[in-house]
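These notes concern the structure reproduced below.
The values are calculated or read from the model by the stated rules, or taken from the named source; none is laboratory data. These numbers were taken from a predicted model, which means no experiment stands behind them. Cβ sites come from the backbone with ideal geometry, for glycine too, and all protein chains shown count toward neighbours.
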Amino acid sequence: MKIRELAQLIEGIVEGDGDIDIKGMSGIETAKPGDLTFAMDEAFLASAEKSRASCILTNNSARRSSKALIKVSNPKLSFLIIYNTLNTPKDRESFIHPLATVSDSAHIGKNVWIGSNVAVEEGVNIGDHVIIESNSVVKKNCEIGAFCRIYPNVTLYEHTRLGKNVVLHGGAVIGSDGFGYVKESGKIYKFPQLGRVVIGNDVEIGSNTTIDRGSLSDTVIGDGSKIDNLCQIAHNVKIGKNALIAAQCGISGSTIIGDNVTMGGQAGMIDNLVIGDNVTIGAKSAIIGNIKSGSLVWGIPARPIAQMKRQLAVLSWMEKHFKAITKLLK
Amino acid sequence: MKIRELAQLIEGIVEGDGDIDIKGMSGIETAKPGDLTFAMDEAFLASAEKSRASCILTNNSARRSSKALIKVSNPKLSFLIIYNTLNTPKDRESFIHPLATVSDSAHIGKNVWIGSNVAVEEGVNIGDHVIIESNSVVKKNCEIGAFCRIYPNVTLYEHTRLGKNVVLHGGAVIGSDGFGYVKESGKIYKFPQLGRVVIGNDVEIGSNTTIDRGSLSDTVIGDGSKIDNLCQIAHNVKIGKNALIAAQCGISGSTIIGDNVTMGGQAGMIDNLVIGDNVTIGAKSAIIGNIKSGSLVWGIPARPIAQMKRQLAVLSWMEKHFKAITKLLK
Amino acid sequence: MKIRELAQLIEGIVEGDGDIDIKGMSGIETAKPGDLTFAMDEAFLASAEKSRASCILTNNSARRSSKALIKVSNPKLSFLIIYNTLNTPKDRESFIHPLATVSDSAHIGKNVWIGSNVAVEEGVNIGDHVIIESNSVVKKNCEIGAFCRIYPNVTLYEHTRLGKNVVLHGGAVIGSDGFGYVKESGKIYKFPQLGRVVIGNDVEIGSNTTIDRGSLSDTVIGDGSKIDNLCQIAHNVKIGKNALIAAQCGISGSTIIGDNVTMGGQAGMIDNLVIGDNVTIGAKSAIIGNIKSGSLVWGIPARPIAQMKRQLAVLSWMEKHFKAITKLLK
């Protein structure tokens, strides 16, 4: 794409040669000839000029440069818009690798790309423009919406349902049995795991993350939610829209989470909780009770963040004055 | 199966049409025609009657209903018994997918089902009625007992031994090298990882869980133990019978765990510990010392749960009276 | 290998029959005929003599034995040296399984072994003596150095670069997109994930561990570093040489770690930190600030270990004297 065309995409103003071809995007340090990079302000602009990039996306007030510029009001946002526009999977021609195993009863949409050693079982329904990379397995009766992208070595259990434009990274396992056992008179019985995983539109799931099918209802991930690597989402969990869940978080069975919730890495929630909207949870927190909308919590167990910080300060003060305190008590 | 036949399985009494065919089981909310659901008491019975289920499993004292009923003394237990009876994999005909790679020196039992792109290496011994789903890999000299079920994308390293009726969920890795290194005069040497993983009967292992082979002895998982998703079991660990280990737990090298131990999610144990029988460990705990049989512990590091709660209460009280305390000290 | 030859490898002295063939190594408990075991001192030597091992590696001052001995100054170190010498993958003949899918544009070195259902995409460069086991996927333009060993079901995303003698255990995912999203005016934009993962020489990565590609720069793992199972290394992280990172650790985006750092299991670091050399981090710690070289820290959040222990002791003391303290305050 030429600089001139990229500029149109973000309503930017071109300074310098608008006919240069841009082949990629990169940060200032790693830029190669043909790359677009971005510079938020004058200081970054100076560094960007020394890089090997062919074009710099910068703000409207920037000075003239030796390199071609695209000027916009918010260079970072424009950079994101260009990335997300170009990152949309291109229409590939329909392709099913001869070493893929696709059931005759599966329905395959238009322009679907299926890599080597993929298994697609009976009754699966795959929408248009879907990509399923090598060595992934899609078990019976799954529904995969249009524009989904499934990276290698992913497993979808029976009846899993993906909305449109869902991305599943390598090794993710969606729809496995939940961890439900009942001890009755010294014997362990497995509790029925019969529900589905239902994932909304525009969801991205990280590598080796696991999401269990519901037991008697469904496990649900709302539109626009993003879940990082190595997370565990247990049976019957419902997550609202636009959640951002960092790596290695765990959410126990039947917990219900509102919209726009953010979880720092390695945080966990016990089962059967109700978490409101717009809740922010600090890294490594343990959530052991319901949380109201708008709360900001941290700790094990999690407390309002200001309270948690005061308690840590009190403990530190106690340690410093421990001799005086013990003396006073005597 | 007809309602009449299901009732016989659990010694229940049929009210209504016992000839209706039951095709599945489900919760009240998600029931479809042909489903069996269950209602513990009158309140649930009213909801169950409004559902689309064809039959309700309920208690002996329940009133008459517009739907067919099976009455028993403990509807939940009976529901579990029916599920576990029907969930036993049916005898499939022997099948090896043409895209599976099975070594000539492997021994394959009766009624074994092997999916596409499975690799079974030299000297493997697979018992009767085993299912190995697509894209799993069984390395040299593994022993797989009768009725085992291995879901897709699982990896078994050399010499791994599974008892009867073991379930391994998607992406689990069993038998990889333990994390053993010795620093000697500034150099890092890998410590020998030569043992096996030996798993007992009736064990279920969650998705993407990892269990390392022993270094010089074996890693052992006792009969009936259940391990959830994304857990890490290190080299030489011995886990007793009927453990319930929730998601994202980690057990460090050579730790020995008794029978009937329960671990909440994200808990961890350091290495070389001895944990007794019937121990219960709260979610996210860090176990850094031995634990006696029958203990109930929680916290980082873990303490008896009542003590842990008191300490949290004391810290909270200190924070509230911090001004008064500092004044007193002056 | 004969006992005599093994002894030469470690400059040991043979006592007894040096012509016995040694076929394996093992601990005292699990030794079989044909095995070499080791005994650090007289007590272990007595146990080792009762084992079924054919040869005992022991120290120079050991008494005579009924079994063949190899005597050295440091039996444990010599045992490690023998293991690491024998554990080096032997030169296999070149082999590409007929069910592997290898792109014509990939460059494959000498004596490379590629198992069934492996996918090697366009532009990949594989060095000499590399082993890629069944069902692993190597995406476009990856570079794999000589003597690398990739176990089954591993996924390498585009442009990943492995040095020499790198070991990747089953299910590891290297190079997936980092977790980078920007909320702008209520919309979630994916931040560009365009960098690579660059792994040095002699690195070992555990099962189901995930390492994300850099966003605008690279994610880097230094020479000799060892990372256990189920760890998460986020985008742009730089880890120095000879790190030892135990299972289930997580390192957030853009954090920079020096050489010789040790992390206990389940520890985590937030993003954008700078961690010095020779830092030791206790299990389950949460690192939320920069750490100087040579520090030993533990806790949530992490503190110097002595301070952390004192604070735990203070809290415990407070709990025991709580009645007296409240009385005093009144």
**Report entry** Complete set of residues in segment B:188-221 that are within 10 Å of chain C (Cβ to nearest Cβ), surrounded by 24 or more Cβ atoms within 10 Å (Cβ to Cβ) and in contact with an Asp or Glu (Cβ under 7 Å, 6 or more places away or on another chain)
**Finding:** B:GLY195, B:ASP212
Report task. Might you check whether a residue that is closer than 27 Å to B:VAL173 by Cα and either surrounded by 18 or more Cβ atoms within 10 Å (Cβ to Cβ) or in the same structural domain as B:ARG196 (by TED's automatic domain parsing) (or both) occurs anywhere in segment B:307-326? Result -> no
Requested in this report: Could you tell me whether segment B:131-139 includes any residue that is at pLDDT 95 or above, away from chain C (no Cβ under 14 Å) and either in contact with a helix residue (DSSP H, G or I) (Cβ under 6 Å, 6 or more places away or on another chain) or crowded, with 16+ Cβ neighbours inside 10 Å (or both)?
Outcome: yes
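In segment C:222-241, how many residues are part of a loop (DSSP other than H, G, I, E, B), without any contact (Cβ under 8 Å) to a residue 40 or more places away in the chain and surrounded by fewer than 24 Cβ atoms within 10 Å (Cβ to Cβ)?
Just the residues of segment C:222-241 that are part of a loop (DSSP other than H, G, I, E, B), to begin with: C:222-225, C:228-231, C:234-237, C:240-241.
Those left that are additionally without any contact (Cβ under 8 Å) to a residue 40 or more places away in the chain: C:222, C:224-225, C:228, C:230-231, C:237, C:240.
Pick out the ones that are also surrounded by fewer than 24 Cβ atoms within 10 Å (Cβ to Cβ) and you get C:222, C:224, C:240.
So the count comes out to 3.
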**Report entry** For B:ILE291: the one exception among (1) at negative phi; (2) facing another protein chain (nearest Cβ under 10 Å)
**Finding:** (2)
Report task. Select from segment A:260-276 the residues that are within 13 Å of another protein chain (Cβ to nearest Cβ), on the phi < 0 side of the Ramachandran plot and either part of a loop (DSSP other than H, G, I, E, B) or surrounded by fewer than 22 Cβ atoms within 10 Å (Cβ to Cβ) (or both) and list them in ascending order. Result -> A:VAL261, A:THR262, A:GLY264, A:GLY265, A:ALA267, A:ILE270, A:ASP271, A:LEU273
Query raised in the report: Does segment A:103-111 contain at least one residue that is within 14 Å of chain B (Cβ to nearest Cβ), surrounded by 21 or more Cβ atoms within 10 Å (Cβ to Cβ), under 24 Å from B:VAL154 (Cβ atoms) and not polar (S, T, N, Q)?
Result: no
Requested in this report: Among the residues of segment A:140-153, write down those that are more than 17 Å from C:VAL137 (Cα to Cα) and surrounded by 24 or more Cβ atoms within 10 Å (Cβ to Cβ).
Outcome: A:CYS142, A:ILE144, A:CYS148
Query - Where C:LEU57 falls short, out of the listed (1) touching a Pro at 6+ places or on another chain (Cβ under 6 Å); (2) surrounded by fewer than 21 Cβ atoms within 10 Å (Cβ to Cβ) - result: (2)
Query raised in the report: If B:LYS183 satisfies every condition in (1) outside any loop (DSSP other than H, G, I, E, B); (2) in contact with a Leu (Cβ under 6 Å, 6 or more places away or on another chain); (3) of a type outside the set (A, V, I, L, M) but one, which is the exception?
Result: (2)
Report summary line: All-but-one check, B:ALA302 against (1) more than 9 Å from every other protein chain (Cβ to nearest Cβ); (2) more than 21 Å from the chain's Cα centre (by Cα); (3) surrounded by fewer than 21 Cβ atoms within 10 Å (Cβ to Cβ), failing number (3)
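Please pick out the residue among C:ALA46, C:ALA62, C:ALA68 that is away from chain B (no Cβ under 14 Å), crowded, with 16+ Cβ neighbours inside 10 Å, more than 14 Å from C:MET25 (Cβ to Cβ) and at pLDDT below 95. It would help to see each step written out before you state the result.
On the way: C:ALA46 fails: crowded, with 16+ Cβ neighbours inside 10 Å; C:ALA68 fails: at pLDDT below 95.
When all the criteria are applied, what remains is C:ALA62.
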Query raised in the report: On the given criteria, is A:GLY276 assigned by TED's automatic domain parsing to the domain that holds A:ASP259 and farther than 14 Å from A:SER252 by Cβ?
Result: yes
Report summary line: Reported set for segment C:244-259 where residues are facing chain B (nearest Cβ under 10 Å) and surrounded by fewer than 23 Cβ atoms within 10 Å (Cβ to Cβ) is C:LEU244
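When you scan segment A:117-130, how many residues do you find that are surrounded by fewer than 22 Cβ atoms within 10 Å (Cβ to Cβ) and touching a Phe, Trp or Tyr at 6+ places or on another chain (Cβ under 9 Å)? Reasoning before the result, please.
To start, the set of residues in segment A:117-130 that are surrounded by fewer than 22 Cβ atoms within 10 Å (Cβ to Cβ) comprises A:122-123, A:125, A:127-128.
If we keep only those that are touching a Phe, Trp or Tyr at 6+ places or on another chain (Cβ under 9 Å) as well, we get A:127-128.
Final tally of qualifying residues: 2.
Does C:VAL297 satisfy the criteria of being β-branched (Val, Ile, Thr) and either within 27 Å of B:HIS235 (Cβ to Cβ) or surrounded by fewer than 18 Cβ atoms within 10 Å (Cβ to Cβ) (or both)? Give the derivation first.
Details: β-branched (Val, Ile, Thr): yes; either within 27 Å of B:HIS235 (Cβ to Cβ) or surrounded by fewer than 18 Cβ atoms within 10 Å (Cβ to Cβ) (or both): yes.
For C:VAL297, the condition - β-branched (Val, Ile, Thr) and either within 27 Å of B:HIS235 (Cβ to Cβ) or surrounded by fewer than 18 Cβ atoms within 10 Å (Cβ to Cβ) (or both) - is met.
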Query raised in the report: Any residue at all in segment A:280-291 that is over 29 Å from the mean Cα position of the chain (by Cα) and surrounded by fewer than 18 Cβ atoms within 10 Å (Cβ to Cβ)?
Result: no
Requested in this report: Take segment C:145-180 and flag every residue that is facing chain A (nearest Cβ under 8 Å), over 17 Å from the mean Cα position of the chain (by Cα) and either of a type outside the set (Ser, Thr, Tyr) or part of a loop (DSSP other than H, G, I, E, B) (or both).
Outcome: C:ASN153, C:TYR157, C:ASP177, C:PHE179
Query - Filter pass, C:GLY175 being modelled with pLDDT of 95 or more and either touching a helix residue (DSSP H, G or I) at 6+ places or on another chain (Cβ under 8 Å) or closer than 24 Å to A:ASN87 by Cα (or both) - result: yes
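At the interface with another protein chain (Cβ under 10 Å from one of its Cβ atoms) and within 26 Å of C:THR209 (Cβ to Cβ): is that true of A:GLY224 in this structure? Before you say what the answer is, go through the steps one by one.
Working: at the interface with another protein chain (Cβ under 10 Å from one of its Cβ atoms): yes; within 26 Å of C:THR209 (Cβ to Cβ): no.
The answer is no for A:GLY224.
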Requested in this report: Name every residue in segment B:73-94 that is within 13 Å of chain A (Cβ to nearest Cβ) and either among the hydrophobic types (A, V, I, L, M, F, W, C) or farther than 21 Å from A:GLY180 by Cα (or both), in order of residue number.
Outcome: B:SER73, B:LEU77, B:PHE79, B:LEU80, B:ILE81, B:ILE82, B:LEU86
Report task. Inspect all residues belonging to segment C:76-83 and state whether any of them is of a type outside the set (A, V, I, L, M, F, W, C) and more than 28 Å from B:ARG196 (Cα to Cα). Result -> no
